[in-house]
Every structure is written in C-alpha cells, then in structure tokens.
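The values are calculated or read from the model by the stated rules, or taken from the named source; none is laboratory data. Everything numeric in this text was worked out from a predicted model, so none of it was measured. Glycine gets a Cβ as well: all are built from the backbone with ideal geometry, and neighbour counts include every protein chain shown.
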Amino acid sequence: MTQQRIHIGVLAVQGNFAEHKASFQQAIVKLKTTDFPYKVEISEIRRTEEIDDALDGLVIPGGETPTMTVALRRNGFFEKLKAWTQRKDKYTWGTCAGLILLSNKLDGDGKGEVIPIGGLDITCRRNAKGRQFESFEESIRLTDHELCALNRSENFHGIFIRAPGIKSVDDVGTDVLCVLPGNGEVVGVRKGNLMGCTFHPELTGDSMWHEYFIKMVGSRKS
C-alpha cells in the first residue's frame with residue numbers, strides 16, 4: 001500500500017528559510033523511528049503558484065519584516081497567503097517576523113512599512129525586545145501538554161533575535177503554547193490551524209517544534 005504524503009513548504013522569499021528546512025529534515029529522521037504513518041516532503045516556496053492544494057502546511061520564517069513585506073508585495077503573495085490562512089484544512093506557522101505577519105493587530109514603532117496577513121487573534125508589538133545587539137537566549141516554559149510530551153520537559157531553549165512581543169491574546173479560542181518563566185509573558189500561541197512564536201526554534205539545533213508542526217498537519221490527514 002502506498003504511504004500517504006504530507007507536503008510542507010517553507011516560504012523562501014527572505015529570512016531563515018534554510019534553517020527551518022534543515023530542522024524539518026532533522027524532525028523527519030526522528031519521526032521515522034516512530035509509528036508516524038506519513039511520508040513527509042519539505043520544499044522551499046518561491047512562487048505563488050506553489051501554494052496550492054497539494055501543499056498541507058506552510059512556514060513563514062523570521063527575517064526583516066519590512067524587507068519581507070516588500071518581497072511579498074512584489075511577488076504577489078499577499079492575497080494568496082490571506083486566502084491560504086483562512087482555509088481550515090491548511091496549516092501555517094510563523095516565527096518572529098512570520099508571527100508579526102500573522103497577527104491581526106500590530107502595535108509599536110518600527111522602521112519600514114509592514115502589512116499583516118492576519119489570522120492570529122493577537123496584538124503583536126514589533127521590536128519589543130530591542131535591536132539586534134539586544135538579542136538574547138532564555139529558557140521558555142511550555143504550557144501545552146503535547147509539546148511537553150514531545151520535549152520530555154516543560155523547558156525549551158529560546159533564541160530571541162530582535163524579537164517581537166505578544167502584547168495581548170485577544171480571543172479565548174487562541175491557546176497559549178509557551179511563556180517566559182519569570183514574568184509569564186506569552187511567546188507562543190496557536191489558534192486551530194495557525195501557530196506563531198516570537199523566538200527562533202530553527203536556530204536551536206532541536207527539531208521538537210518542527211516535529212510538533214508536522215504532527216499538527218498529520219492530525220488533519222487523520
């Protein structure tokens with residue numbers, strides 16, 4: 001019997017798409033040692049026509065948000081991405097700049113125009129953690145039981161690079177996935193088929209979050 005396939009794309013117009021792709025490949029190797037029933041394919045998405053029915057999940061990576069906005073507008077991605085995120089049978093994950101683009105509301109100053117795609121019921125503050133030189137690493141606390149089970153711990157190493165902040169979660173249907181342990185600040189959320197993180201899981205060398213996203217997509221196939 002032919003094995004069913006999951007196809008996940010990483011938006012590759014700007015930002016950390018190569019790091020995400022490498023982390024997905026690492027997660028696939030781990031999943032092959034389990035009873036996960038699907039064959040997983042990862043590809044870089046560079047053209048709007050590649051966002052089609054054959055694609056099951058999409059990652060919008062971290063990067064320079066204004067630069068990414070310009071690239072998305074130039075290549076005609078915005079309307080395609082808005083339509084994609086509104087589909088309940090498709091999954092989207094945004095990290096750092098990707099989270100900003102997926103936010104319904106933006107707060108705070110930042111250089112360059114940013115046009116959000118929307119979808120996540122949060123208010124996001126751009127550059128909440130300061131400039132590039134103020135980037136930092138800190139343990140985050142996982143509050144989602146599936147993530148804790150995958151990680152075998154409540155703690156995950158977070159890398160924050162010119163990170164945005166989640167100023168508020170604006171809908172009771174949006175789940176908090178992880179927080180900073182000191183002040184309880186939300187740094188990861190999920191609403192159904194949409195997920196966002198203020199930090200960079202793809203830079204940690206740990207593919208747990210990518211495994212989680214693959215399993216999210218697989219749950220719809222099931």
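Please verify whether Phe156 is surrounded by 19 or more Cβ atoms within 10 Å (Cβ to Cβ), at pLDDT 95 or above and of a type outside the set (Asp, Glu), treating the condition exactly as stated. Please lay out each step first, then the result.
Details: surrounded by 19 or more Cβ atoms within 10 Å (Cβ to Cβ): yes; at pLDDT 95 or above: yes; of a type outside the set (Asp, Glu): yes.
Criteria met by Phe156.
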Give me a count of the residues in region 194-222 that are out of contact with any Gly (no Cβ under 9 Å at 6 or more places or on another chain) and under 20 Å from Gly62 (Cβ atoms).
7
From Leu106, Leu102, residue being surrounded by 16 or more Cβ atoms within 10 Å (Cβ to Cβ), at pLDDT 85 or above, farther than 27 Å from Met208 by Cβ and not aromatic (Phe, Trp, Tyr):
Leu106
Being hydrophobic (A, V, I, L, M, F, W, C) and under 30 Å from Gln3 (Cβ atoms) is the filter here; which residues of region 176-222 pass it?
Leu177, Leu194, Met195, Cys197, Met208, Trp209, Phe213, Ile214, Met216, Val217
Which condition number in (1) free of Cβ contacts under 8 Å to residues at least 40 places away in the same chain; (2) crowded, with 21+ Cβ neighbours inside 10 Å; (3) among the polar types (S, T, N, Q) is the one that Thr95 fails?
(1)
Output the residues belonging to region 26-49 that are over 17 Å from Met68 (Cβ atoms), free of Cβ contacts under 8 Å to residues at least 60 places away in the same chain, surrounded by fewer than 21 Cβ atoms within 10 Å (Cβ to Cβ) and not hydroxyl-bearing (Ser, Thr, Tyr).
Val29, Lys32, Asp35, Lys39, Glu41, Glu49
Only residues that are within 24 Å of Lys105 (Cβ to Cβ), exposed (fewer than 14 other Cβ atoms within 10 Å of the Cβ) and touching a strand residue (DSSP E or B) at 6+ places or on another chain (Cβ under 7 Å): list them for region 171-222, please.
Asp171, Gly173
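Have a look at Thr67, Thr34, Thr85 and point out the one that is closer than 17 Å to Gly196 by Cβ and among the polar types (S, T, N, Q).
Values: Thr67 fails: closer than 17 Å to Gly196 by Cβ; Thr34 fails: closer than 17 Å to Gly196 by Cβ.
Only one candidate passes the filter, namely Thr85.
Is at least one residue of region 49-57 within 22 Å of Met216 (Cβ to Cβ) and of a type in the set (Val, Ile, Thr)? Spell out how you get there, then give the answer.
Taking region 49-57 first, the residues within 22 Å of Met216 (Cβ to Cβ) are 50-57.
Now narrow it down to the ones that are of a type in the set (Val, Ile, Thr): 51.
Checked against the condition, which is being within 22 Å of Met216 (Cβ to Cβ) and of a type in the set (Val, Ile, Thr), region 49-57 yields at least one hit.
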Conditions (1) modelled with pLDDT of 95 or more; (2) buried (at least 18 other Cβ atoms within 10 Å of the Cβ); number of the one not met by Ala149:
(2)
